[in-house]
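The values are calculated or read from the model by the stated rules, or taken from the named source; none is laboratory data. This is a predicted model, so every value here is computed, not measured. Counting neighbours? That spans all protein chains shown, and the Cβs are built from the backbone with ideal geometry, glycine included. When the accessible area is computed, the model is the full protein with side chains, heavy atoms only, and any ligands, DNA or RNA have been set aside. Shrake-Rupley method; radii C 1.70, N 1.55, O 1.52, S 1.80 Å.
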Amino acid sequence: MSAALIESPEHQALRRAVADLGRKFGPAYFQAKARAGEATEELWAEAGKLGYLGVNLPVEYGGGGAGMAELAIVLEELGTAGCPLLMMIVSPAICGTVIARFGTEEQKRRWLPGLADGTRRMAFGITEPDAGSNSHKITTVARREGEEWVLAGRKVFISGVDRADATLFVARTQDAATGKLKPALFVVPRETPGFEYRPIPMELLTAERQFQVFLDDVRLPAEALVGDENAGLLQLFAGLNPERIMTAAFSLGMARQALATAVEYAKTRTVWGDSPIGAHQGLAHPLAQCAIEVELARLMTQKAAALYDAGDDIGAGEAANMAKYAAGEAACRSVDQAVQTLGGNGLTQEYGLAALLTATRVGRVAPVSREMVLNYVAQHTLGLPKSY
Ligand SMILES: Cc1cc2nc3c(=O)[nH]c(=O)nc-3n(C[C@H](O)[C@H](O)[C@H](O)COP(=O)(O)OP(=O)(O)OC[C@H]3O[C@@H](n4cnc5c(N)ncnc54)[C@H](O)[C@@H]3O)c2cc1C
């Protein structure tokens, strides 16, 4: 798949360099670590040292000074090499972006260099058991007590909390004038008293686990609040476009890995005479369809990243939702077809495809479900009435 017409030479060089790093580790390394319940620390550390994890963060805080287009390239290429680093969606993309755009000077100095070189990690927590897709319904509350903030609530499905130095939580503060609750963002270091987490057993082969989180009157200093208490929604949205663009890249990497494995297999496996199974259109056409869908989703992801990096948050919102949807669908279909192409081998650990069946489903559910993207497009793109 050539990217020459739309990608700059710098982007193509970045792809090649990251792909080289990914191949050095590869799917065997990644899946062995995930099966053992271990983190892919060596890969994370090397990617950080090479500047890939912080490529989007400002230069003055140790980042690469580039944008979401470049960070998405890193995640896509690592995934294509069999190493989909889910935590990249959270740590540099959501948390790094929100702190870089809205944090105080002290917060930027404290967090960004470590997020950029991978020596520190930050998780992100918005989802709640009783709110789910309806994040307007979250009930985690932050109340002021003197100079301190006190956080109380519960979160669910929060990725990587155990290995993150801190989690950026979305809570609600009470508007003094109206009494209404409005969102605000808080950094909670992992060892803060009252902050507890419990792993959720998931059928996912990933390097990080998901957690239930309990915030039991967690006391935080005033400087834990990121950005303006009165502009929480705006600040939150600043992190959500990167989240969707990166989830698209996460899906695309796995889709490309699955397709490459399937194509290689289809070229060499013969069961009828001399012709490989890939010569049969019953296998070749579905793989070709998947290749088309993946390429279209890649284009939409590049469009979303370009709009976001150009500062068009509204335009990026629509494109990022569409890219996340398209990449999630293309990935699920590609992995399903890849498994089918390998027959019984599609379900062995050796070929590493079966694990992608659940991993690619993540792109349909999180961070915003397929149905909620369709709701968004129906209302905002098509102007249809809201149904819920
Ligand atoms: C692997 C993984 C990692 C995650 N990591 C994080 C993380 O790090 N931080 C974090 O905050 N969250 C995280 N999440 C949570 C994720 O963002 C949520 O699962 C997602 O937002 C959906 O919420 P829910 O699971 O509560 O589903 P629900 O909201 O209960 O939805 C269930 C189903 O109903 C459908 N539905 C709901 N409302 C409508 C409607 N109006 N119209 C049509 N259909 C509707 C949904 O599309 C979905 O199919 C993670 C989830 C997974 C699976």
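When ranked by the protection proxy of mean other Cβ atoms within 10 Å per residue, highest first, what sequence do the peptides 140-151, 298-309 form?
Packing order, densest peptide first, comes out as 298-309, 140-151.
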What percentages make up the Cα-Cα pair-distance distribution of region 164-285 when the bins are 5 Å wide from 0? 2, 8, 11, 12, 13, 11, 9, 6, 5, 5, 5, 5, 3, 2, 1, 0
Could you give the nm distance between label points at ALA260 and GLU148, where each point is 7 Å from its Cα heading toward the beta carbon? 5.1
If only Cα atoms are counted, what is the Rg of region 95-179, and what is its Dmax, in Å? 14.4, 43
Degrees, to the nearest 10: 68-80 long Cα axis against longest axis of the chain: 50
Among VAL188, VAL59, VAL161: highest mean-square fluctuation, GNM of the chain, C-alpha pairs under 10 Å: VAL59
Given CYS83, ALA47, LEU71, which one lies farthest toward the positive end of the charge dipole of region 39-107, if we put +1 on the Cβ of every Lys and Arg and -1 on the Cβ of every Asp and Glu? LEU71
P(r) for region 1-95, please, calculated from all Cα pair distances in 10 Å bins and given in %. 16, 50, 28, 6, 0
Residue span ARG35 to HIS280: 0.36 nm per residue of separation minus Cα-Cα distance leaves a gain in nm of 84.7 nm
When the expected Rg is taken as 2.2 N^0.38 Å, what fraction or multiple of it is the alpha-carbon Rg of region 257-349? 1.36
What ranking, highest mean first, results for peptides 114-125, 18-29, 237-248 when packing means the other Cβ atoms within 10 Å averaged over each residue? 237-248, 114-125, 18-29
Give me the percent relative contact order of the chain, please, defined on Cα pairs under 8 angstrom at least 6 residues apart. 15
Using the Cα centre as the reference, give the magnitude of the dipole from point charges on the C-beta atoms of region 151-206 (Lys, Arg: +1; Asp, Glu: -1; all else neutral), rounded to the nearest 20 debye. 240
Could you tell me which of ALA310, PRO189, PRO367 has its Cα farthest along the dipole of the chain towards the positive end, charges placed at Cβ (Lys, Arg +1; Asp, Glu -1), taken about the Cα centre? PRO367
Which FRET efficiency, nearest 0.05, do SER8 and THR119 yield, Cβ-Cβ r, R0 25 Å? 0.25
Say the dipole of the chain comes from +1 at the beta carbon of Lys and Arg and -1 at that of Asp and Glu; which of GLN174, GLN340, THR247 then lies farthest toward its positive end? GLN340
With +1 at each Lys and Arg Cβ and -1 at each Asp and Glu Cβ, the charge dipole magnitude of the chain around its Cα centre, to the nearest 20 debye, comes out at 600
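Using 0.36 nm times the number of residues separating GLU295 and ARG198, minus their current alpha carbon distance, what extension gain do you get?
This chain segment gains 31.1 nm when fully extended.
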How much area per residue is accessible in region 72-177 when the probe is 1.4 Å and only protein heavy atoms are counted (Å²)? 35
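How far, in nm, would the chain grow between ILE314 and GLU60 when pulled straight, counting 0.36 nm per residue and subtracting the alpha carbon separation?
88.7 nm
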Mean shadow area of the chain, taken as a quarter of the surface of its Cα convex hull (nm²): 20.0
Using the Cα centre of region 66-158 as the reference point, and only Cβ charges (+1 on K/R, -1 on D/E), how large is the resulting charge dipole? Debye, rounded to the nearest 20. 220
For the ranges 269-280, 320-331, 215-226, what's the packing order if you count other beta-carbon atoms within 10 Å of each residue, average per peptide, and put the highest first? 320-331, 215-226, 269-280
Tell me the carbon and sulfur percent of the accessible area for the chain, rounded to whole percent, probe radius 1.4 Å. 55
Can you give the alpha-carbon Rg of region 179-222 over 2.2 N^0.38 Å, where N counts its residues? 1.51
